[in-house]
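Right, one structure below, let's go through it.
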Amino acid sequence: MGRCIPLSIPNFEGNEIKYVNEALGQGWVSTGGAFITKLEKGLADFIGTHNVAACQSGTSALHMALVDCGVGPGDMVIVPTLTFIAAVNPVRYQFAEPVFMDCDDSLCMDPVKLRKFCEEECAIKGDKLVHKDGKTVKAVVVVHVFGNMADMEEIMDIAGRYNLKVVEDATEALGTRYTEGKYAGRYAGTIGDYGAFSFNGNKIITTGGGGAITAKESEMVDHLRYLSTQAKDDPHYYIHNEIGYNYRMTNLQAALGVAQLEELNEFIARKHANYDIYSELFKNFELGKLLGFREGTCSNRWFYSLEINMEKINGTMRDIITKLEERGVQTRAIWGLIHEQKPYADSLVYEIEKADYYSSCILNFPSTTQITVEEIEYCANAIMAVLREMTK
Ligand SMILES: *Cc1c(COP(=O)(O)O)cnc(C)c1O
């Protein structure tokens with residue numbers, strides 16, 4: 001057969017080479033140059049916000065958000081356990097403690113448990129939320145998993161009530177927005193106090209590696225940009241009044257980003273169309289269910305998830321993935337739970353149930369923007385055939 005349909009690869013059908021060549025031609029390859037400001041402006045316009053700072057990665061964006069929140073040693077930050085570890089590691093970069101929270105059926109943080117944790121495990125003292133063992137809970141990191149909007153209406157209400165800063169990890173959700181309700185028209189990453197984006201190779205648009213950050217107030221973004229450029233106060237005399245980072249995006253990366261941003265609407269449209277084809281193909285499948293996206297939102301549909309009825313399957317998720325690999329279909333399991341990873345073994349964990357279930361039964365399958373209808377049919381049929389073969 002010799003087929004290999006990738007899970008998610010970048011799409012460079014636009015002006016990528018042209019713009020990168022321009023950047024090279026101008027000699028602006030490093031952390032200054034017109035493409036960086038162009039990308040920042042373009043992103044801000046796209047998600048309808050005032051100010052965006054481009055940086056080196058989604059991880060660096062998340063790290064700077066926590067720095068700006070004032071998260072430090074001895075503080076607590078509420079995080080999801082069902083996510084990519086980059087959403088959690090910055091808590092430890094700041095020598096703070098994560099508290100792991102469960103997901104709901106959207107795979108995003110469960111607001112019911114979040115509220116219960118704040119209500120029952122913590123107390124408001126002055127303007128602080130203090131956990132029963134004495135630590136201040138400063139912030140919550142909310143991940144919009146696979147492009148699906150977390151329940152921001154509930155989460156913002158809880159955060160307001162309990163004085164928590166909200167860091168939205170929108171690294172997978174560029175372009176996802178509310179269409180109804182209190183936040184109608186608002187994009188993922190622009191609802192909380194901070195919004196982090198990623199342009200890693202597998203994300204909906206890529207700069208090779210890269211990210212961006214936005215925040216509630218435009219001045220906050222200016223400060224984040226300042227932190228990302230070694231907190232340099234003066235262009236000529238090397239005055240620094242804060243600890244900064246080398247987190248600024250380069251002009252070469254931004255050149256790629258400007259070209260990709262021109263195609264973002266097209267990429268989202270293709271993700272939608274392809275999802276709808278899969279949805280039709282999996283409609284009556286007895287061994288798995290294609291997960292949907294939150295009502296009242298328009299997701300970028302970055303990744304597709306099949307919830308497999310593992311009780312009916314003879315074998316593990318690894319077996320399924322291997323068998324699909326043999327048929328030329330690249331798939332992956334959702335993440336292992338972060339609180340079970342070695343560096344987090346001693347962390348505080350709050351009533352994890354659904355995350356445990358979903359971490360064992362979710363399969364992601366090819367969602368590349370270039371995939372053809374024929375390839376989608378091949379993938380869906382291969383997945384259904386493999387699972388039927390493995391039925392107990
Ligand atoms: C990709 C990703 C990140 C990190 O982004 P990088 O640009 O790779 O640093 C963080 N959180 C989640 C949920 C991600 O998917």
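Just so you know, all these numbers are worked out from the coordinates, no wet-lab data involved. Values in this document were obtained by computation on a predicted structure and should not be read as measured data. Glycine gets a Cβ as well: all are built from the backbone with ideal geometry, and neighbour counts include every protein chain shown.
Within the stretch 200-221, if we keep just the residues that are in a loop (DSSP other than H, G, I, E, B) and charged (D, E, K, R), the residue that is surrounded by the most Cβ atoms within 10 Å (Cβ to Cβ) turns out to be K203. Residue check: R294 meets all listed conditions (1) within 17 Å of the chain's Cα centre (by Cα); (2) part of a strand (DSSP E or B) but one, namely (2). For the stretch 166-188, the set of residues classified as crowded, with 22+ Cβ neighbours inside 10 Å and farther than 14 Å from G58 by Cβ consists of V166, G175, T176, Y187, listed by residue number.
Scanning the stretch 95-144 for residues that are farther than 17 Å from Y162 by Cα and among the polar types (S, T, N, Q) yields one hit, S106.
Which one is nearest to the chain's Cα centre (by Cα) among residues in the stretch 7-66 that are surrounded by 19 or more Cβ atoms within 10 Å (Cβ to Cβ), outside any loop (DSSP other than H, G, I, E, B) and of a type in the set (S, T, Y)? Residue satisfying both the conditions and the ranking: T59. Scanning the stretch 355-375 for residues that are in a helix (DSSP H, G or I), over 16 Å from K289 (Cα atoms) and touching a residue at least 12 places away in the same chain (Cβ under 8 Å) turns up A355, D356, V373, E375. Filtering the stretch 304-321 to residues that are more than 16 Å from N381 (Cα to Cα) and among the hydroxyl-bearing types (S, T, Y) leaves only T316. Among the residues making up the stretch 138-171, those that are of a type in the set (G, A, S) and either more than 16 Å from D68 (Cβ to Cβ) or near the ligand (Cβ under 10 Å from one of its atoms) (or both) are G147, A150, G160, A170.
Only residues that are assigned to a strand (DSSP E or B) and of a type outside the set (D, E, K, R): list them for the stretch 88-122, please. Result: P98, V99, F100, M101, C103, M109, C122. Can you say whether G175 is more than 11 Å from the ligand (Cβ to nearest atom), under 16 Å from V140 (Cα atoms) and either basic (K, R) or in contact with a Ser or Thr (Cβ under 9 Å, 6 or more places away or on another chain) (or both), as far as the supplied structure shows? Criteria not met by G175.
Scanning the stretch 79-135 for residues that are more than 23 Å from E307 (Cα to Cα), among the hydrophobic types (A, V, I, L, M, F, W, C) and away from the ligand (no atom under 14 Å from the Cβ) turns up F95, A96, V99, L114, F117, C118, C122, A123, I124, L129, V130.
Each row is one residue, and each column tells you yes or no for (1) under 30 Å from G14 (Cα atoms); (2) touching a Ser or Thr at 6+ places or on another chain (Cβ under 6 Å); (3) acidic (D, E).
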{"site": "I321", "(1), (2), (3)": "no, yes, no"}
{"site": "H339", "(1), (2), (3)": "no, yes, no"}
{"site": "K342", "(1), (2), (3)": "no, no, no"}
{"site": "Y350", "(1), (2), (3)": "no, no, no"}
{"site": "T369", "(1), (2), (3)": "yes, no, no"}
{"site": "E374", "(1), (2), (3)": "yes, no, yes"}
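Please verify whether G292 is without any contact (Cβ under 8 Å) to a residue 60 or more places away in the chain, more than 16 Å from the ligand (Cβ to nearest atom) and under 18 Å from A188 (Cα atoms), treating the condition exactly as stated. For G292, the condition - without any contact (Cβ under 8 Å) to a residue 60 or more places away in the chain, more than 16 Å from the ligand (Cβ to nearest atom) and under 18 Å from A188 (Cα atoms) - is met. Might you check whether a residue that is surrounded by 14 or more Cβ atoms within 10 Å (Cβ to Cβ) and more than 30 Å from E121 (Cα to Cα) occurs anywhere in the stretch 350-361? Yes, the conditions are met somewhere in the stretch 350-361.
Do we find that F197 is hydrophobic (A, V, I, L, M, F, W, C), in a helix (DSSP H, G or I), within 16 Å of the ligand (Cβ to nearest atom) and closer than 21 Å to S367 by Cβ in this structure? Spelling it out, it is not the case that F197 is hydrophobic (A, V, I, L, M, F, W, C), in a helix (DSSP H, G or I), within 16 Å of the ligand (Cβ to nearest atom) and closer than 21 Å to S367 by Cβ. On the given criteria, is A196 in contact (Cβ under 8 Å) with a residue 60 or more places away in the chain and out of contact with any Phe, Trp or Tyr (no Cβ under 9 Å at 6 or more places or on another chain)? Yes; evaluated as a whole, the condition is true for this residue. Does R318 satisfy the criteria of being in contact with a Cys (Cβ under 8 Å, 6 or more places away or on another chain), more than 30 Å from Y183 (Cβ to Cβ) and charged (D, E, K, R)? The answer is no for R318. The single residue among V137, V142 that is of a type in the set (V, I, T), out of contact with any Phe, Trp or Tyr (no Cβ under 6 Å at 6 or more places or on another chain), within 16 Å of T190 (Cα to Cα) and not in a helix (DSSP H, G or I) turns out to be V142.
Selection over the stretch 1-48 of residues that are polar (S, T, N, Q) and under 29 Å from N274 (Cα atoms) gives a count of 3. The C-beta contact set for the stretch 201-225 (first residue at negative phi and within 11 Å of the ligand (Cβ to nearest atom), second residue assigned to a helix (DSSP H, G or I) and among the acidic types (D, E), distance under 8 angstrom, 6+ apart or interchain) comprises A212/E40.
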